[in-house]
Amino acid sequence: MKVGITEVAERARVSEATVSRVINRRQGVSRKTREAVEQAMADLGYERQTRGQLVAVVTELVSNPFFADVAERIESVLAPHGLKTVLCPCFPGGVQELDFVTSLADRGVAAVVFLSASNTLEGADPSAYELLRSRRIPFVGINGRFEGVSEAPVFSTDDLLAAELAVDHLYRLGHRRIGMASGPVGNRPADRRVSGFVSSLARRGVEDAEQWVVRQSYTVEGGQSAAISLLGRGATAIVAASDYMALGAIRGARRQGYDVPGDVSVVGYDGSMIMDFVDPPLTTVRQPADRLASEAGRSVLALVGNRDVPVGELLFDPELVIRASTGAPKEPTPLPRPDH
């Protein structure tokens, strides 16, 4: 005899409506009741018509505290609804994104969250998205829209505003020779931060603002290299595209004999709490990790429950956190034209 929700409700001693809410991952069910219904389904051999219980979080930046924090917050949103996250670190030399997605799709993954993964890259291979679409497995993006995909929700930090906040802070302190240590070309967040940075300087009368941008990798070493180049052009302040790059910029400045913030001010980006404990504590533009994770998690729950969600990219405002790595320049001077 086929087992239905009536039998499950009787076994768990709850209403059929409660069983339905558990099956469809809806809110309004306590953890204890949800566990009782799940146990009843297992005891009776109920064949759940919805997808599995795993949600994959795919990211290339698992070593970055900010992204680890976002992944943890997504887990906290999904866990009360019976879903479990599995972290999939994709990086050069390791297991690749498509391999992870293929393996998880074959095992009935409920949904996939792309956390600053291939969705941040221009011209990225769309094979993973195409596979998920063909299997009708929902997916969500954080900090980058999917190329060629219009039906997926994406939640991003407003990178244009982030750059403006950093430039405005430094400008108010008196800096006029402000450089940017950015991520590589073709990385959407990096490109948008550069666009915001250049626009912010241009609005303040800076000519050839692009010449104050150095592209490097999102690493400490990349930040160090970019900082040395910018300091050679006479920069008194550096806006970094990540907190790691900012730490590299501080190291680069010190190795060139500069004091931070006495000679050079540095602003980071991401906003991990650990940056309050570095030397000096880092002024940074904080991404709203809690809101990004919360909205991504809610969208996953809705999609897994076969409910519609708004699609397209939704932008969230960042926040400037002022600490000790920024200060007034020693001698504010007019902005020179940097050497090529």
Unmet requirement for Glu164, which otherwise passes all of (1) touching a Gly at 6+ places or on another chain (Cβ under 7 Å); (2) open to solvent by less than 10 Å² (accessible area, probe 1.4 Å); (3) not in a strand (DSSP E or B): (2)
Test: residue in segment 244-254 that is free of Cβ contacts under 8 Å to residues at least 12 places away in the same chain and surrounded by 15 or more Cβ atoms within 10 Å (Cβ to Cβ): yes
Residues (more than 17 Å from the chain's Cα centre (by Cα) and not in a loop (DSSP other than H, G, I, E, B)) located in segment 111-151: Ala111, Ser127, Ala128, Tyr129, Glu130, Leu131, Leu132, Arg133, Ser134
Long-range neighbours under 7 Å by Cβ, at least six apart or interchain, first residue in contact (Cβ under 8 Å) with a residue 60 or more places away in the chain within segment 283-295, second of a type in the set (Ser, Thr, Tyr) and open to solvent by 30 Å² or more (accessible area, probe 1.4 Å): none
Residue match in segment 212-225 (condition: of a type in the set (S, T, N, Q), within 20 Å of Thr326 (Cα to Cα), open to solvent by 10 Å² or more (accessible area, probe 1.4 Å) and assigned to a helix (DSSP H, G or I)): yes
Matching entry among Arg51, Arg26, Arg31 (being basic (Lys, Arg) and at pLDDT 80 or above): Arg31
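Every residue, every condition in (1) at pLDDT 95 or above; (2) aromatic (Phe, Trp, Tyr); (3) buried (at least 21 other Cβ atoms within 10 Å of the Cβ); (4) assigned to a helix (DSSP H, G or I), yes or no:
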{"site": "Pro280", "(1), (2), (3), (4)": "yes, no, no, no"}
{"site": "Val285", "(1), (2), (3), (4)": "yes, no, yes, no"}
{"site": "Arg291", "(1), (2), (3), (4)": "yes, no, no, yes"}
{"site": "Ser294", "(1), (2), (3), (4)": "yes, no, no, yes"}
{"site": "Asp308", "(1), (2), (3), (4)": "no, no, no, no"}
Checklist (1) in a strand (DSSP E or B); (2) surrounded by fewer than 23 Cβ atoms within 10 Å (Cβ to Cβ); (3) not basic (Lys, Arg) applied to Met180, failing item: (2)
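Table: residues versus (1) in contact with a helix residue (DSSP H, G or I) (Cβ under 7 Å, 6 or more places away or on another chain); (2) of a type in the set (Val, Ile, Thr); (3) modelled with pLDDT under 95.
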| residue | (1), (2), (3) |
| --- | --- |
| Ala190 | no, no, no |
| Arg193 | yes, no, no |
| Gly196 | yes, no, no |
| Ala202 | yes, no, no |
| Gln211 | no, no, no |
| Arg215 | no, no, no |
| Tyr218 | yes, no, yes |
Some residue of segment 38-61 being under 20 Å from Leu303 (Cβ atoms), among the small types (Gly, Ala, Ser) and in a strand (DSSP E or B): yes
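The values are calculated or read from the model by the stated rules, or taken from the named source; none is laboratory data. No experiment lies behind these values; they were computed from the predicted model shown. Please note: Cβ atoms are built from the backbone with ideal geometry, for glycine as well, and neighbour counts cover all protein chains shown. Surface areas here come from the heavy atoms of the whole protein model, side chains and all, with no ligands, DNA or RNA. Shrake-Rupley method; radii C 1.70, N 1.55, O 1.52, S 1.80 Å.
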